[in-house]
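Below is one structure, written out as C-alpha cells; comments come after it.
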Amino acid sequence: MGKHILLLGPPGAGKGTQSKRLAAEFDLEHVTTGDALRANKGMDISDMDTEYDTPGEYMDAGELVPDEVVNAIVEEALTSADGYVLDGYPRNLEQAEELSEMTDLDAVVYLAVDTDELVDRLTGRRVCPDCGASYHVEFEPPEEEGVCDECGADLVQRDDDTEETVRERLRVYEENTAPVIDHYRDEGVLVEVDGEGTPEEVFEAIVDVVDE
Ligand SMILES: [Zn+2]
C-alpha cells in the first residue's frame, strides 16, 4: 500500500517542489486542494446544504468554496489514491480534525523556514507584463537585471509580491496553521525538517523521515 504523507509549511517553504519530488520518488499521488477541486468540478453536492450543486459553480462565480465542500473533495481525492502526498490542506484546525476522520497518516512533515528568508524568497519574483515569463532576482535571474530574456520588456513586481503583502500573507498563514502544527505535535507525529538548505538537501531530509 502506498504511503500517506502530509507536507506542511508556510508559503515559500518549497512544499510544491518537494511534494512533486516525493510523489515521483515513492510513486504516490500529489494531492493539492486546487487540483482536487479542478478534478471534481462537476461533483454532485446537491445533498449538502450549499448554495450551488457543484464545486464548479462556486469557481465560475469566483466565490470561495465552502469548507464542507473542500473537505468532501479532499476525501474523494485521498480515498481514490493508492498513497498520496497531501499539500495545502489542512489549513485550519477544523480541517485537521476532518482529515483524521478521513484517513491515517504515515508521516507529517513540517518544512521550517525563517520568516525573513520566506520574505526574501517571496518578494524576489519578477514577471514580464508582455509575455508572462517569470523570474526570481536570486534564484532565477534574467540575463540582464530587470529585463525579460524572452522579449526584452521591463520586468515588474506584482502587487501580491510586495513585502507588505507577503508579510501579511505569512501572518495569516501563521495564525491559521499554528493550531494545526500544535495538533500534530501533540499527537507526537510531527517531524520538523529544516527547509533552508538546497532543494536537494531538503528532499533528502524528508525522504529520511518518510523512510523511517
Ligand atoms: Zn517577456
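The values are calculated or read from the model by the stated rules, or taken from the named source; none is laboratory data. These figures come from a predicted structure and were not determined experimentally. Glycine gets a Cβ as well: all are built from the backbone with ideal geometry, and neighbour counts include every protein chain shown.
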In this structure, is residue 129 of a type outside the set (Gly, Ala, Ser), more than 29 Å from residue 24 (Cα to Cα), in contact with a strand residue (DSSP E or B) (Cβ under 6 Å, 6 or more places away or on another chain) and exposed (fewer than 15 other Cβ atoms within 10 Å of the Cβ)? yes
Quick count over the stretch 21-42, residues being buried (at least 16 other Cβ atoms within 10 Å of the Cβ) and out of contact with any Gly (no Cβ under 8 Å at 6 or more places or on another chain), is 8
Go through the stretch 114-135 and count every residue that is closer than 17 Å to residue 10 by Cβ and either within 16 Å of the ligand (Cβ to nearest atom) or free of Cβ contacts under 8 Å to residues at least 12 places away in the same chain (or both). 2
Just checking, which of 75, 57 is over 25 Å from residue 17 (Cα atoms), surrounded by 15 or more Cβ atoms within 10 Å (Cβ to Cβ) and modelled with pLDDT of 90 or more? 57
Return yes or no: is residue 17 under 13 Å from the mean Cα position of the chain (by Cα) and either among the polar types (S, T, N, Q) or in a helix (DSSP H, G or I) (or both)? yes
Among the residues of the stretch 1-43, count how many are among the aliphatic types (A, V, I, L, M) and closer than 17 Å to residue 64 by Cα. 4
Scanning the stretch 3-14 for residues that are in a strand (DSSP E or B) and of a type in the set (A, V, I, L, M, F, W, C), the one nearest to residue 165 (Cα to Cα) turns out to be 8
I'm checking my understanding of the structure. Among residues of the stretch 159-186 that are more than 23 Å from residue 120 (Cα to Cα) and in contact (Cβ under 8 Å) with a residue 40 or more places away in the chain, which one is surrounded by the fewest Cβ atoms within 10 Å (Cβ to Cβ)? 179
In the stretch 38-58, residues that are touching a Phe, Trp or Tyr at 6+ places or on another chain (Cβ under 9 Å) and assigned to a helix (DSSP H, G or I) total 1
